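A.B. asks: Let me give you the structure first, and then I'll get to my questions.
The values are calculated or read from the model by the stated rules, or taken from the named source; none is laboratory data. Everything quoted here is computed from the prediction, not taken from an experiment. Because the Cβ atoms are built from the backbone with ideal geometry, glycine has one as well, and the counts that use them run over all protein chains shown. These area figures cover heavy atoms from the full protein model, side chains too; ligands, DNA and RNA do not enter into them. Shrake-Rupley method; radii C 1.70, N 1.55, O 1.52, S 1.80 Å.
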Amino acid sequence: MSDSSVIWRISKSSMDRKCADQLEQAGLVSRHVQQIMPPSVEYRLTPAGQIFIEPIEMLYTWAIDHMADLDALAAQQAAGAAPQTAEAGGNP
């Protein structure tokens, strides 16, 4: 299926049900059960959920642009070092 509103296809057991239920109750996703073998569940963004596409894409772009900084931070944390902040001379 090439429907651009389908954000993921997973088995029921693959997704944390609590998270799925919260997203559905908040009106951000809708759940569609496909009666096939094996059964499949699709989660689609609702119009309310689609308003988050732009800020999530912006966050993704920021993360890609700052990947080296994020990797350095993860390495510092893994080594037990205190992370540097912008105020302490780090590069956000």
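A.B. asks: So, taking all protein chains as they sit and a 1.4 Å probe, how much accessible area belongs to Met67, in Å² rounded to tens?
C.D. replies: It works out to around 90 Å².
A.B. asks: Something else now. Could you check how much of the accessible area of segment 26-73 is carbon and sulfur, as a whole percent, using a 1.4 Å probe?
C.D. replies: Carbon and sulfur together cover 69 percent of it.
A.B. asks: Moving to a separate point now. Please list 41-47, 17-23, 27-33 highest first by mean number of surrounding beta-carbon atoms within 10 Å per residue.
C.D. replies: Put in order of decreasing packing, that is 41-47, 27-33, 17-23.
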